[in-house]
Amino acid sequence: MKSFLELLNEKILIFDGATGTNLQSQNLDADDFGGEEYNGCNEYLLVSKPSAMEKVHIDFLKAGADIIETDSFGSSSIVLAEYNLQDRAYELSKLSAELAKKCANEFSTPDKPRFVAASIGPTTKLPSLGHIDYKTMHQSFYEQMAGLLDGGSDLFSIETCQDILQTKIALTAAQDLFKDRKKKIPVIVSVTVETTGTMLMGTEIGAALTSIEPFDIVDVFGMNCATGPQEMSENIRYLCQNSPKPVFCMPNAGIPENIGGKAHYHLSPEELKKWLSHFSKDLGVNIVGGCCGTTPEHIRLLVEALSNTTPKTRAWNYIPSVASIYAPAPMHIDPPPVIIGERTNANGSKKFKELLIAENYDEMVSMAKDQIREGAHVLDVCVAYVGRNEVKDMEEVITRFNTQVSIPIMIDSTEYPVIERALQLLGGRAIVNSINLEDGEERMEHVLPLCKRYGAAVVALTIDEKGMAKTREDKFIIAKRIHDLSINKYGMREEDLIFDTLTFTLGSGEEEFRKAGIETIEAIRMIKQAFPKVKTLLGVSNISFGLNPHARHVINSVFLHYAIEAGLDMAIVNAQKIMPLYKIDEKERELARQLIFDERRWEAVA
Ligand code: THG
């Protein structure tokens, strides 16, 4: 029998319809739910009255659904705690999968295999708002997923996601489970976009895609719930044009209307069929189905129209990006560079350091916002300060930045626990700054698995056991070594890597460092030529340490200009103080150029 993924490659697949509304229509009473204390707990029906859920499964299988969903949307301890059933999360999850699997097996034939998707809902807590911590949520998802996997589920559907951080936590739990059980099943991630056009926390569809795209275990990405298909159409179009992963769409039967305190859904089976046929045949959606308010009749019409048909072949174009919980930011823009604000750094800004010591987090958020106003696309965040607890400080800062800062974060730390804590608190897609080969592979060994686990991009510095490379050749050799190890040994992709060819200051005047700028620039050219998909980055201000402020602005700006010409994608800068070349006095510009290119004609120009 063909697998789910094999069939997904061949044709449109059809999910079932609503679980909740089709249970409700059976007019179950408190006795059916096993008593007043469990009234309304759909997952407890698996104990108190499994025939109710069995009927829902059978009705959808009869309608022709390829995939039915388990009665486990809220079978995590987090949700079950509302009924004091938190200790039965594993058991109820397993039961839900066993029941669905039994029903699916009754209908499965070699020509039309039926699959069980384990429904994993968002719980009732939003980690981005601090309702729950990473560890508790991870444990709860792990336990729920373990029951669902052990009960025989064919795939996971992490669905109705409202907070993209919740989704990422669920994915780390799934990764751990697959590793522990030495078994991987396909995973669908489906986010819920409200009528406002974003997820509940304000996440745009592009930010959601960017956050989830790096996760290898995710096979399908899409949307479900909140609205009908019409309201989803712009975002579905976006996914069809941009997503490297097959697209999933499971709308409600329209936007619910509140009549007498109850939700009513009005979209007819005919209309749902019309919309989803359009999504699939014209836009390329691979999996369709129904969420709240959809009945077996809705699914029957979908099956009639779409079974054994192929979706439109999508010509998608995904632009490698990072993201805040709100919006994505591409890792290359035209004209370059992607500007990374440098002032949210306790080593790079006296003011930020003092605010950190005073624990004035509101003002730290203000400094972040100032840099956005000045044009930063990403923020470098470093809270390292001797004598303070960096994990705790990172936690305080990132918790706030996650929701109060609208651009992606670059985590600037040398400490592995600090990096991991930040990654556990950030929705969106972060950049980790940085790895190098100073102690051989040790740093990569610790940091790259974290980047993989949480879906982050990473900055790699051209430093090895001998120290910071000085010549273009040495910088390139180190970059190649890191590139090869990252990809072949640690499973990173070329587009996840950002090389920083580091410059020494030209401000020392020492003979040894006179070519520092030009070697750094030429190394960028060599790296981009050898590895076209990697990105490059510089901390621009380093070039002018030790010089007076005016000279620094000029040299930084001229240096940045030539680095961009060589292929620089991203720059850590003081956004406020970078000037385009035409705004710099010509004489000063020429002086800076000669300094950077080590032409030594000071007397002649002066
Ligand atoms: N590469 C990577 N990461 C980096 C660097 C890099 N992170 C840190 C640093 N270098 C980039 N950030 C800064 C931040 C500030 C300054 C320089 C680089 C700076 N600050 C003023 C000074 O020290 O004179 C102080 C300004 C103030 O106190 O307000 O120059 O290269 N990957």
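We did not get these values from a lab; they are worked out from the coordinates using the rules stated. Since the model is a prediction, treat every value here as computed from it, not as a measurement. Reconstructed Cβ throughout: ideal geometry from the backbone, glycine too, with neighbour counts over all protein chains shown.
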Is it the case, given these coordinates, that residue 356 is in a helix (DSSP H, G or I), within 16 Å of the ligand (Cβ to nearest atom) and either more than 22 Å from residue 540 (Cα to Cα) or touching a Gly at 6+ places or on another chain (Cβ under 7 Å) (or both)?
yes
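Considering only residues that are buried (at least 18 other Cβ atoms within 10 Å of the Cβ) and of a type outside the set (D, E, K, R), look in segment 373-390 and name the one that is farthest from the ligand (Cβ to nearest atom).
Going residue by residue through segment 373-390, those that are buried (at least 18 other Cβ atoms within 10 Å of the Cβ) are 376-384, 390.
Filter once more, so that each one left must be of a type outside the set (D, E, K, R): 376-379, 381-384.
On the way: 376: 12, 377: 15, 378: 12, 379: 11, 381: 10, 382: 7, 383: 12, 384: 10 Å.
Within segment 373-390, the match that is farthest from the ligand (Cβ to nearest atom) is 377.
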List pairs: first residue in segment 510-523 and within 11 Å of residue 595 (Cβ to Cβ), second residue buried (at least 23 other Cβ atoms within 10 Å of the Cβ) anywhere in the structure, Cβ distance under 7 angstrom, at least six positions apart or on different chains.
516/503; 516/506; 517/503; 517/506; 517/543; 517/559; 517/596; 518/596
Would you pick out the residues in segment 1-25 that are surrounded by 15 or more Cβ atoms within 10 Å (Cβ to Cβ) and not hydrophobic (A, V, I, L, M, F, W, C)?
11, 16, 17, 19, 20, 21, 22
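Looking at this structure, is residue 415 among the charged types (D, E, K, R), in contact with an Asp or Glu (Cβ under 7 Å, 6 or more places away or on another chain) and either without any contact (Cβ under 8 Å) to a residue 40 or more places away in the chain or farther than 28 Å from residue 492 by Cβ (or both)? Before the answer, list the steps.
Working: among the charged types (D, E, K, R): yes; in contact with an Asp or Glu (Cβ under 7 Å, 6 or more places away or on another chain): yes; either without any contact (Cβ under 8 Å) to a residue 40 or more places away in the chain or farther than 28 Å from residue 492 by Cβ (or both): yes.
The answer is yes for residue 415.
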Residue, nearest to the chain's Cα centre (by Cα), within segment 296-352, restricted to residues that are aliphatic (A, V, I, L, M) and within 16 Å of the ligand (Cβ to nearest atom)
322
Residue 321: passes all of (1) surrounded by fewer than 17 Cβ atoms within 10 Å (Cβ to Cβ); (2) in contact with a strand residue (DSSP E or B) (Cβ under 6 Å, 6 or more places away or on another chain) but (1)
Number of the condition not met by residue 166 [criteria: (1) of a type outside the set (Lys, Arg); (2) closer than 20 Å to residue 328 by Cβ; (3) surrounded by fewer than 23 Cβ atoms within 10 Å (Cβ to Cβ)]:
(3)
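Name the one entry in 152, 197 that is within 22 Å of residue 6 (Cα to Cα) and in a loop (DSSP other than H, G, I, E, B).
Details: 197 fails: within 22 Å of residue 6 (Cα to Cα).
It is 152.
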Which residues, counting only those in segment 522-536, are within 15 Å of residue 459 (Cα to Cα) and in contact with a Gly (Cβ under 7 Å, 6 or more places away or on another chain)?
524, 528, 536
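Out of all the residues in segment 158-181, is one or more of a type in the set (D, E, K, R) and under 14 Å from the mean Cα position of the chain (by Cα)?
Keep residues of segment 158-181 that are of a type in the set (D, E, K, R), which gives 159, 163, 168, 176, 179-181.
After this cut, where a residue has to be under 14 Å from the mean Cα position of the chain (by Cα) as well, the list is 163, 168.
For segment 158-181, residues of a type in the set (D, E, K, R) and under 14 Å from the mean Cα position of the chain (by Cα): present.
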Looking at segment 45-52, can you tell me whether even one residue there is more than 31 Å from the chain's Cα centre (by Cα), buried (at least 18 other Cβ atoms within 10 Å of the Cβ) and β-branched (Val, Ile, Thr)?
no
Residue 496 vs (1) buried (at least 18 other Cβ atoms within 10 Å of the Cβ); (2) among the acidic types (Asp, Glu); (3) touching a Lys or Arg at 6+ places or on another chain (Cβ under 8 Å): all pass except (3)
Condition check: over 25 Å from the mean Cα position of the chain (by Cα), touching a residue at least 24 places away in the same chain (Cβ under 8 Å) and closer than 24 Å to residue 431 by Cβ. Does residue 531 satisfy that?
no
Just checking, how many residues over segment 455-475 are surrounded by fewer than 23 Cβ atoms within 10 Å (Cβ to Cβ) and either assigned to a helix (DSSP H, G or I) or under 24 Å from the mean Cα position of the chain (by Cα) (or both)?
3
Given the condition of a type outside the set (S, T, N, Q), under 27 Å from residue 482 (Cβ atoms) and buried (at least 18 other Cβ atoms within 10 Å of the Cβ), answer yes or no: does some residue in segment 545-553 qualify?
no
Pairing a residue in segment 370-390 that is over 20 Å from residue 459 (Cα atoms) and assigned to a strand (DSSP E or B) with any residue that is within 16 Å of the ligand (Cβ to nearest atom) and not aromatic (Phe, Trp, Tyr), where Cβ atoms lie under 8 Å and the two sit 6 or more apart in sequence or on different chains, gives none
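Kindly indicate whether residue 464 is within 16 Å of the ligand (Cβ to nearest atom), in contact (Cβ under 8 Å) with a residue 12 or more places away in the chain, touching a Leu at 6+ places or on another chain (Cβ under 9 Å) and not hydrophobic (A, V, I, L, M, F, W, C).
yes
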Only one of (1) surrounded by fewer than 24 Cβ atoms within 10 Å (Cβ to Cβ); (2) more than 16 Å from residue 577 (Cβ to Cβ) is not met by residue 350, so which one is it?
(2)
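Checking the conditions here, which among 442, 420 is surrounded by fewer than 18 Cβ atoms within 10 Å (Cβ to Cβ) and of a type outside the set (A, V, I, L, M)?
On the way: 420 fails: surrounded by fewer than 18 Cβ atoms within 10 Å (Cβ to Cβ).
Answer to the selection: 442.
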Unique residue being buried (at least 16 other Cβ atoms within 10 Å of the Cβ) and in contact with a Phe, Trp or Tyr (Cβ under 8 Å, 6 or more places away or on another chain) when the list is 485, 437, 450
450
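Could you count how many residues in segment 410-428 are within 16 Å of the ligand (Cβ to nearest atom) and in contact with a strand residue (DSSP E or B) (Cβ under 8 Å, 6 or more places away or on another chain)? Step through it out loud before you land on a result.
Just the residues of segment 410-428 that are within 16 Å of the ligand (Cβ to nearest atom), to begin with: 410-415, 418-419, 422.
Keeping just the survivors that are in contact with a strand residue (DSSP E or B) (Cβ under 8 Å, 6 or more places away or on another chain) gives 410-413, 418-419, 422.
Residues that pass the stated criteria total 7.
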Out of the residues in segment 391-409 that are of a type in the set (Ser, Thr, Tyr) and in a helix (DSSP H, G or I), state the one that is farthest from the ligand (Cβ to nearest atom).
403
Determine whether residue 157 is under 23 Å from residue 250 (Cβ atoms), out of contact with any helix residue (DSSP H, G or I) (no Cβ under 9 Å at 6 or more places or on another chain) and crowded, with 24+ Cβ neighbours inside 10 Å.
yes
Within the set of pairs 6 or more residues apart or between chains, which connect a residue that is polar (S, T, N, Q) inside segment 308-322 to a residue that is part of a loop (DSSP other than H, G, I, E, B) with Cβ atoms less than 7 Å apart?
308/11; 309/11; 309/12; 310/11; 310/12; 313/284; 321/331
When segment 100-142 is examined, which residues are found to be crowded, with 22+ Cβ neighbours inside 10 Å and at positive phi?
123
Got a number for residues in segment 468-483 being closer than 22 Å to residue 596 by Cα, within 15 Å of the ligand (Cβ to nearest atom) and not basic (Lys, Arg)?
2
